[in-house]
Amino acid sequence: MTYSTAPVPATICGPGALGQIGREAAALSRHARVLLVADPFLETQGLLAPALAALAAEGLAVSPFTAFTGEPKSTHVAAAAQAGRAAGADLVIGIGGGSALDIAKLATACIPGAPDPMAYALAATPLPPEPLPSLLVPSTAGTGAESCATCIFSGPDGRKLWAWGQELKPRLVLLDPELTVSLPPALTAWCALDAFVHAFEASTSARSHAGAALHAHHALRLIPKALPRAIAAPEDLAAREALLLGAFHAGVAIDNCGTAIAHALSHGAAALAPVHHGLATALGFGVSLRWLVARPTPQIEAAAQACGCPCAAALPEAWEDLVARCAAPLALPEAFRAVTPEALVRAVSGPECAPMLTAHRARATPEELTGFARAMLDTAA
Ligand SMILES: [Fe+2]
């Protein structure tokens, strides 16, 4: 079997990496005009100030865009692109969680290309040949948006959509653990568990290959060790750095091989009521893991060993132990009490989820899917 691997963005990693943003941005921007897409939370907490000062010190004119909340929408991307175009930006910087990074990535295409990102939804039209360069700084360790070619966003009808292209990847990623220490414990856990599932699913699906497993197994070694440390001591910069690296490499893994059934359950749930992506994904993984490891493959065994388990059969207990050490109960929000297992199975069975639902060699029967859905919904507060 042959396989190909996607490019991995350049990184600068370690405490204080954000301090290099001015010099690096100046090297990427010919006209010294920058669109900065940043998480509003970072602005209100004063965490953007050092980056803004570093950019100003290099003589860069910065147009900030922080007018978004929650999951990214096509309207957010269009507004960010309009701000960038009005400012004559030739570089886009994204600082924040996955939403900020996805808005920044897609704005790189919409500024020189179509003003409405719906033009690029589901590859409706090709991306412009030369999107603007971008520099991304994740403030959470989870989505891997900084290392993959996909942007997730909602369209006008609320449906989750994607845009994809190697052109959307950043020129440079700054992984600075100091930026993540203020993340509350529950969000730290949900984001890291999402990254863990990225690595596990990318390395165990039928699409998996050795080039992706290299990155996925590295993430599987890092995250289970680092997450309990980051929860117990939020300012443990070594643990925070390991989580950022784990999420980055897990993002590389899904960039190559995609996700699987836990993400199908997560996306299906998100279509029915608001829920944090990492929380829903961790729940989807937990309810389907025993079913999956009862059908072991060499890839599942290898992933188990990367996690430090002697064999695949030991994975469910290790997962439950990891979740227990997060001190963040995994439970769906109250709105899910009105959702039936049948409704969740219908949502999971839609065309958007099909590639994830069928990614593993094992296929869940309708009865098994209903059981997963019921187990997820039973957690609703
Ligand atoms: Fe995910």
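Quickly rank 121-129, 102-110 as a protection proxy: mean count of other C-beta atoms within 10 Å, highest first.
Final packing ranking: 102-110, 121-129.
Treating only the Cβ of Lys, Arg, Asp and Glu as charged (+1, +1, -1, -1), what charge dipole size does the stretch 183-377 show about its Cα centre? Round to the nearest 20 debye.
So the magnitude is around 220 debye.
So who's got an amide H within less than 5 Å of the one on Ala380, skipping anything under 5 residues away but keeping other chains? H placed 1.01 Å off N, in plane.
The list, which skips near neighbours in sequence, is Leu332.
Counting Lys +1, Arg +1, Asp -1, Glu -1, what net charge surrounds Ala303 among other residues with beta carbon under 13 Å of its beta carbon?
Taking every other residue near Ala303 into account, the sum is -1.
Would you mind checking the radius of gyration and Dmax of the chain based on alpha-carbon positions, in Å?
Answer for the chain, Rg first and Dmax second: 19.9, 61 Å.
Divide by every residue of the chain the summed helix terms, -39500 (n - 2.57) for each DSSP H run of at least 4, and state the resulting mean residue ellipticity at 222 nm, rounded to the nearest 500 deg cm²/dmol.
Mean residue ellipticity, 222 nm, calculated: -15000 deg cm²/dmol.
Can you list the HN-Hα couplings for the stretch 113-129, worked out from phi with the Karplus curve (6.51, -1.76, 1.60; θ = phi - 60°), rounded to whole Hz and with x for Gly and Pro?
These are the phi-based 3J(HN,Hα) values: x, 5, x, 9, x, 4, 4, 9, 5, 6, 6, 4, 9, x, 5, x, x Hz.
Given 4 °C and 1.567 mPa s, compute D for the stretch 183-377 with the Stokes-Einstein relation, Rh being the Kirkwood radius over Cα pairs; round to the nearest whole µm²/s.
Calculated translational D: 79 µm²/s.
Using amide H atoms built 1.01 Å from N in the peptide plane, name the residues 5+ places from Leu172, or on other chains, whose amide H lies under 5 Å from its own.
Here the answer is Ser134, Leu136, since their amide H atoms fall under 5 Å of that of Leu172.
Just to check I understand the Karplus step: with θ = phi - 60° and J = 6.51 cos²θ - 1.76 cosθ + 1.60, what whole-Hz values come out for the stretch 14-24, glycine and proline as x?
x, x, x, 4, 4, x, 8, 5, x, 5, 5
How big is the dipole moment of the stretch 161-274 about its Cα centre under a simple scheme where the beta carbon of each Lys and Arg is +1, that of each Asp and Glu is -1, and everything else is neutral? Debye, nearest 20, please.
240
Under unit Cβ charges (Lys, Arg +1; Asp, Glu -1), what dipole magnitude, rounded to 20 debye, does the chain have relative to its Cα centre?
It works out to roughly 440 debye.
Which net charge results for the neighbourhood of Gly155, defined as the other residues with beta-carbon distances under 14 angstrom from its beta-carbon, given Lys and Arg at +1 and Asp and Glu at -1?
Here the charged neighbours net out to -2.
Let me know the shape class of the stretch 263-372, please: from the alpha-carbon gyration tensor, a ≥ b ≥ c as square roots of the eigenvalues, rounded when a/c is under 1.5, otherwise prolate if a/b is greater than b/c, or oblate.
oblate
What is the count of Lys pairs in the chain whose alpha carbons sit under 24 Å apart, if the two are 8 or more places apart or on different chains?
6
Below 13 angstrom from the Cβ of Pro351, what's the summed charge of the other residues (Lys, Arg +1; Asp, Glu -1)?
+2
Whole angstrom only: what separates the Cα centroid of the stretch 163-178 from the Cα centroid of the stretch 102-143?
Cα centres, the stretch 163-178 to the stretch 102-143: 11 Å.
For the stretch 303-381, state which trypsin sites (Lys or Arg not before Pro) are in a DSSP loop and have at most 13 other beta carbons lying within 10 Å of their beta carbon.
Qualifying residues, ordered by number: Arg361, Arg363.
Tell me, what ³J(HN,Hα) does each residue in the stretch 65-75 have, in order and in whole Hz, if you take phi through Karplus 6.51 cos²θ - 1.76 cosθ + 1.60 with θ = phi - 60° and put x for Gly and Pro?
10, 10, 7, 7, 9, x, 5, x, 10, 4, 5
Take the alpha carbon gyration tensor of the stretch 134-235, find the square roots of its eigenvalues, order them as a ≥ b ≥ c, and report rounded if a/c is under 1.5; if not, report prolate when a/b exceeds b/c, else oblate.
Because a/c hits 1.5 or more and a/b fails to exceed b/c, the stretch 134-235 counts as oblate.
Choose one of Gly14, Ser147, Ala212: the residue whose Cα lies farthest towards the positive end of the charge dipole of the chain (beta-carbon charges +1 Lys, Arg; -1 Asp, Glu; about the Cα centre).
Positive-most Cα among the choices belongs to Ala212.
Throughout, read-outs are computed from the coordinates displayed, never taken from laboratory work. It should be emphasised that the depicted structure is a prediction, and the values quoted were computed from it without experimental measurement. Note that each Cβ is placed from the backbone with ideal geometry, even for glycine, and that neighbours are counted across all protein chains shown.
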